[in-house]
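Presented below is the structure to which this report refers.
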Amino acid sequence: MKKYIFITIINLISYLPIIVIASPELTMNSVIVEQGKESTLNIKLSGNDKEYAGINTTIIMPSDLIITGISKGKLLAGFSLDYRIFSNDNKATILSFSKNKMFRQSGTLFILNVEAKKNALPGLKTIEFASANNSTIVNSKTALSNTDGSASIHPVLKNGFITISTPDDTDWDGLPDKLEIKIINSNDHDNIKELSDVNPDDDFDGDGASNLNEYQNGTDPTDLFDSPYNKDDHGNDCNTATIVEINSDIQGIINKKGDIDYFKIQIPYEGRLSIYTKSATDTKGILKNTNCLTIAQNDDYEGDLNFTIERQVTEGIYYAAVSHYSSKGTGKYILFITFLQDNENFLCGQGKPSIEIIDYPPLNNRIQDLYGRVCHVDPINCKIAVYIFIDGYFTKPNLLYPLTDINNEGYWRCDVTTAANDYKATLFLVFLIPADYQPPLVEGVKHLPESLYENAITNLEILR
């Protein structure tokens with residue numbers, strides 16, 4: 001009941017007629033808060049010469065900060081307080097009202113307890129009052145109202161600021177001392193000698209990004225060639241490799257000296273793997289096995305500056321590493337990954353493994369099966385794993401029989417209504433998997449394990 005009254009009052013205040021008078025000001029103070037710590041932010045009223053009995057407002061926070069609580073200031077002693085914190089949208093709606101009290105003098109209306117996340121990006125953050133023309137806010141008007149509800153006024157809004165600092169940021173400018181000392185020591189002939197001389201908004205190395213921007217993006221503010229605007233597009237080792245599918249292509253760039261781009265390739269069966277680039281630069285390629293050990297490499301293929309590697313491979317994980325021939329060279333490229341399986345029993349001939357849905361039950365149907373076919377695989381070596389979504393994922397047909405067989409012609413059929421509420425499912429997820437892989441058994445989980453996607457040959461979604 002309280003929630004209903006709260007929403008009703010807010011809407012009532014928000015749509016009252018506006019009388020044009022000299023507007024008071026709502027302001028927020030500026031504070032400094034360390035990563036993982038809390039601080040308070042005051043919302044104050046000033047320039048007020050009228051009496052008011054109510055106020056509602058919406059506060060928008062940056063994603064690095066969390067509102068943990070809201071209390072009344074001295075100006076609202078004896079007033080009611082209702083508020084809602086919307087954590088998903090990083091905002092809070094606040095209402096205070098009285099039927100027999102008024103406030104008119106300047107002072108503190110609300111006190112917000114805010115916490116900086118442990119992984120919050122350091123620097124200056126803006127705390128905003130929601131404006132009336134912001135369509136993304138449920139109740140976007142900030143208003144003051146009198147006791148009988150006959151008038152309301154929109155005050156002038158002045159946003160606040162919070163500086164997020166790191167534990168070792170002794171000058172509270174958003175840059176850790178260690179990084180500022182590095183900037184100080186990188187040039188003995190400039191005027192930057194102390195922590196206070198290092199400005200977060202300056203661009204020390206001249207690469208177009210501020211010192212703070214570089215810190216937030218993990219680049220070096222003392223290195224001209226290491227910039228957020230020139231950030232690496234793919235991982236630099238097997239552990240951070242970009243996952244790519246067989247029979248696909250992907251763009252890349254050697255964006256600084258010594259850059260090596262790594263790609264992770266899942267080979268489902270024994271066959272012939274080819275990796276090569278097309279570019280105007282001189283590329284070098286290395287093929288590595290599942291242990292990240294080199295098994296083949298090439299620089300210039302048949303007089304072309306691009307590399308090509310062809311190799312017979314078995315089932316497993318492989319890595320392709322792409323670099324420039326010169327340790328100082330850079331340039332863009334397109335990497336191609338092609339694979340032909342060694343099997344005469346492929347359905348539909350050679351090609352990229354695929355799933356085709358022939359028929360599926362409409363929403364609220366309790367009888368019809370999910371029916372489909374697979375192509376470009378050997379059906380003997382594959383199975384189908386099906387999941388449905390009803391406020392969570394469920395294995396189908398059931399936990400005892402989580403796999404669906406594929407016949408010799410590639411056709412398969414799965415009963416997806418084996419439980420009472422299955423007809424309400426809004427999503428079907430179909431995975432083509434190796435026959436010896438055991439898919440995860442789930443009941444109501446919000447996310448399917450990444451291992452399922454990594455081990456699947458391919459997958460398909462059906463939204464209904």
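The values are calculated or read from the model by the stated rules, or taken from the named source; none is laboratory data. Keep in mind that what you see is a predicted model, and the values were worked out from it rather than measured. Cβ sites come from the backbone with ideal geometry, for glycine too, and all protein chains shown count toward neighbours.
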Discussion item. Need pairs with beta-carbon distance below 6 Å; first residue under 28 Å from LYS352 (Cβ atoms) and within segment 246-258, second polar (S, T, N, Q) and at pLDDT 90 or above; sequence gap 6+ or separate chains.
Written reply: ASN247/THR338
Practice prompt. Considering only residues that are in contact (Cβ under 8 Å) with a residue 40 or more places away in the chain and among the charged types (D, E, K, R), look in segment 423-444 and name the one that is farthest from VAL386 (Cα to Cα).
Written response: LYS424
Discussion item. Give me the residue from segment 281-320 that is touching a Leu at 6+ places or on another chain (Cβ under 8 Å) and among the small types (Gly, Ala, Ser) and, out of that set, farthest from PRO268 (Cα to Cα).
Written reply: ALA296
Worksheet item: Scanning segment 221-276 for residues that are farther than 19 Å from ILE334 by Cα and acidic (Asp, Glu), which turns out modelled with the lowest pLDDT?
Response: ASP226
Worksheet item: Does at least one position in segment 344-359 carry a residue that is over 30 Å from LEU463 (Cα atoms) and out of contact with any Cys (no Cβ under 6 Å at 6 or more places or on another chain)?
Response: yes
Worksheet item: Can you find even one residue in segment 126-135 that is of a type in the set (A, V, I, L, M), touching a His at 6+ places or on another chain (Cβ under 9 Å) and part of a loop (DSSP other than H, G, I, E, B)?
Response: yes
Item to complete: Look through segment 154-183, keep the residues that are among the β-branched types (Val, Ile, Thr) and crowded, with 16+ Cβ neighbours inside 10 Å, and return whichever of them is nearest to the chain's Cα centre (by Cα).
Response: ILE164
Discussion item. So LYS91 ticks every box in (1) crowded, with 18+ Cβ neighbours inside 10 Å; (2) farther than 19 Å from PHE161 by Cα; (3) of a type in the set (Lys, Arg) but one. Which box is left unticked?
Written reply: (2)
Item to complete: Could you tell me whether segment 333-353 includes any residue that is of a type in the set (Gly, Ala, Ser) and touching a His at 6+ places or on another chain (Cβ under 8 Å)?
Response: yes
Worksheet item: How many residues are in contact (Cβ under 8 Å) with a residue 24 or more places away in the chain and among the polar types (S, T, N, Q) if we restrict to segment 200-244?
Response: 5
Worksheet item: Restricting to strands (runs of 3 or more DSSP E) lying wholly in segment 240-286: which have 2 or more residues that are of a type outside the set (Phe, Trp, Tyr) and crowded, with 21+ Cβ neighbours inside 10 Å?
Response: 248-254, 260-267, 271-278
Response to the item:
Within segment 435-452, residues being β-branched (Val, Ile, Thr) and part of a loop (DSSP other than H, G, I, E, B) number 1
Worksheet item: Is there a residue in segment 448-458 that is in contact with a Ser or Thr (Cβ under 8 Å, 6 or more places away or on another chain) and loosely packed, with under 15 Cβ neighbours inside 10 Å?
Response: no
Worksheet item: Restricting attention to segment 191-206, which residues are in a loop (DSSP other than H, G, I, E, B) and either touching a Gly at 6+ places or on another chain (Cβ under 6 Å) or of a type outside the set (Phe, Trp, Tyr) (or both)?
Response: ASN191, ILE192, LYS193, GLU194, VAL198, ASN199, PRO200, ASP201, ASP202, ASP203, ASP205, GLY206
Worksheet item: When both residues are 6+ apart or on different chains and their Cβ atoms are under 8 Å apart, which pairs have a first residue that lies in segment 445-464 and is farther than 24 Å from VAL377 by Cα, and a second that is of a type in the set (Val, Ile, Thr) and at pLDDT below 95?
Response: LEU463/THR426; ARG464/THR426
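Looking at segment 303-310, can you tell me whether even one residue there is buried (at least 19 other Cβ atoms within 10 Å of the Cβ) and assigned to a strand (DSSP E or B)?
Taking segment 303-310 as the starting set, the residues that turn out to be buried (at least 19 other Cβ atoms within 10 Å of the Cβ) are 306-307.
Those still in the list that are assigned to a strand (DSSP E or B) too: none.
The answer is no; no qualifying residue exists.
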Fill in: Single unsatisfied condition, ILE32 versus (1) buried (at least 18 other Cβ atoms within 10 Å of the Cβ); (2) modelled with pLDDT of 75 or more; (3) of a type in the set (A, V, I, L, M, F, W, C)
(1)
Discussion item. Here's a check for you: in segment 372-413, which residue that is at positive phi and not acidic (Asp, Glu) is nearest to the chain's Cα centre (by Cα)?
Written reply: GLY392
